[in-house]
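**Student:** Handing you this structure, nothing more for now.
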Amino acid sequence: MMLRRLLLAVLATVAVAGCSSADEPAATRSPGTAEPTAADVAAAAAATADPAAAQDPAQAAVAVALRATDLPAGWSVQANPLPADADLTANPSLTGICGQTFASEQHRTSKQPVVGLDATGTPQLSSEAIAYDSPAAAGAAVQELVQAFGRCPEDQYTFETGPSAEGLAATSVVFQYRLADGTTQVVLAQARGQVLSVLIGEDPAVTAAAGRAIAARMAALPAEAIGA
């Protein structure tokens, strides 16, 4: 159940990224006593980023990253930004799904991991907006994802009819499956030019709605900024 472990690993970072430098929960800090955390800054930047103003793939990835407005009322997001000099080779996005290696991972130039939290603060949706060094690499990532799911262990993955791909980017795939423990998951990936958005959630309707909102921002990205 590699994808299940991947989702849990991403969601587990919320507890770390959501704390201040003194490991004090943000909710308990007094106003004006601490600088915003890197996660707060990243979430704010993504929430206000105008996709039409993106000038390169990195800015485009920020603009299409998951936002609270993509989710049901009362939900929120927790950004998990990487340091500017982070080595992405040590921080996989897709490699490991169903035990497969993704050659496209070598062509990532930046990524924006964000977790969606429900009204109780419980992580429900994991996402990454990824920038690549070429449109071909982003497209290859989608194809490799299809190939990986085609090799999932049949005793661990039972594939089901997933949400409609209507309203998503032209290059997109949607998978829904039930894991051996009975958990249902939806994986939605869509690419345009050098940018790829991947969502992993357990609520098909919520995941699909978020994907359509991201697709709208993706369509607004200037073609020249992302090689589309």
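**Student:** Quick one: is Thr158 more than 26 Å from Ala84 (Cβ to Cβ), out of contact with any helix residue (DSSP H, G or I) (no Cβ under 8 Å at 6 or more places or on another chain) and not in a strand (DSSP E or B)? Break it down stepwise before answering.
**Tutor:** Working: more than 26 Å from Ala84 (Cβ to Cβ): yes; out of contact with any helix residue (DSSP H, G or I) (no Cβ under 8 Å at 6 or more places or on another chain): yes; not in a strand (DSSP E or B): no.
So Thr158 does not fit the description; no.
**Student:** Determine which single condition Ser164 fails, assuming it passes every other condition in (1) under 23 Å from Ala219 (Cα atoms); (2) at pLDDT 95 or above; (3) out of contact with any strand residue (DSSP E or B) (no Cβ under 6 Å at 6 or more places or on another chain).
**Tutor:** Here Ser164 clears every test but (2).
**Student:** Here is a follow-up. Can you pull out the residues in the range 65-87 that are over 13 Å from Pro113 (Cβ atoms) and in contact with a strand residue (DSSP E or B) (Cβ under 7 Å, 6 or more places away or on another chain)? Spell out how you get there, then give the answer.
**Tutor:** Taking the range 65-87 and keeping what is over 13 Å from Pro113 (Cβ atoms), we get 67-76, 84-85, 87.
Listed by number, the residues that qualify are Arg67, Ala68, Leu71, Trp75, Ser76.
**Student:** For the range 185-196, indicate whether the set of residues that are among the basic types (Lys, Arg) and assigned to a helix (DSSP H, G or I) is non-empty. Before you say what the answer is, go through the steps one by one.
**Tutor:** Start the filter on the range 185-196 by keeping residues that are among the basic types (Lys, Arg), which leaves 192.
Subset that is assigned to a helix (DSSP H, G or I): none.
Looking through the range 185-196, none of the residues is among the basic types (Lys, Arg) and assigned to a helix (DSSP H, G or I).
**Student:** Follow-up. From the list Leu188, Leu179, which one is closer than 15 Å to Val115 by Cα and of a type in the set (A, V, I, L, M)?
**Tutor:** Values: Leu179 fails: closer than 15 Å to Val115 by Cα.
Leu188 is the lone residue from the list that is closer than 15 Å to Val115 by Cα and of a type in the set (A, V, I, L, M).
**Student:** Still on this structure: Quick test for you: out of Ala63, Ala54, Ala86, pick the one residue that is open to solvent by less than 20 Å² (accessible area, probe 1.4 Å) and either without any contact (Cβ under 8 Å) to a residue 12 or more places away in the chain or over 27 Å from Pro204 (Cα atoms) (or both). Please lay out each step first, then the result.
**Tutor:** Details: Ala63 fails: either without any contact (Cβ under 8 Å) to a residue 12 or more places away in the chain or over 27 Å from Pro204 (Cα atoms) (or both); Ala86 fails: open to solvent by less than 20 Å² (accessible area, probe 1.4 Å).
Only one candidate qualifies: Ala54.
**Student:** Kindly indicate which of Ala119, Ala138, Ala165, Ala129 is surrounded by 23 or more Cβ atoms within 10 Å (Cβ to Cβ), of a type outside the set (Val, Ile, Thr) and outside any strand (DSSP E or B).
**Tutor:** Working: Ala119 fails: surrounded by 23 or more Cβ atoms within 10 Å (Cβ to Cβ); Ala165 fails: surrounded by 23 or more Cβ atoms within 10 Å (Cβ to Cβ); Ala129 fails: outside any strand (DSSP E or B).
Criteria check complete, one pass: Ala138.
The values are calculated or read from the model by the stated rules, or taken from the named source; none is laboratory data. Keep in mind it's a predicted model, so treat the numbers as computed, not measured. In this analysis, Cβ positions are derived from the backbone assuming ideal geometry, glycine residues included, and neighbour counts consider all displayed protein chains. Ligands, DNA and RNA are stripped out before the accessible areas are found, and what is left, the full protein with its side chains, is counted by its heavy atoms. Shrake-Rupley method; radii C 1.70, N 1.55, O 1.52, S 1.80 Å.
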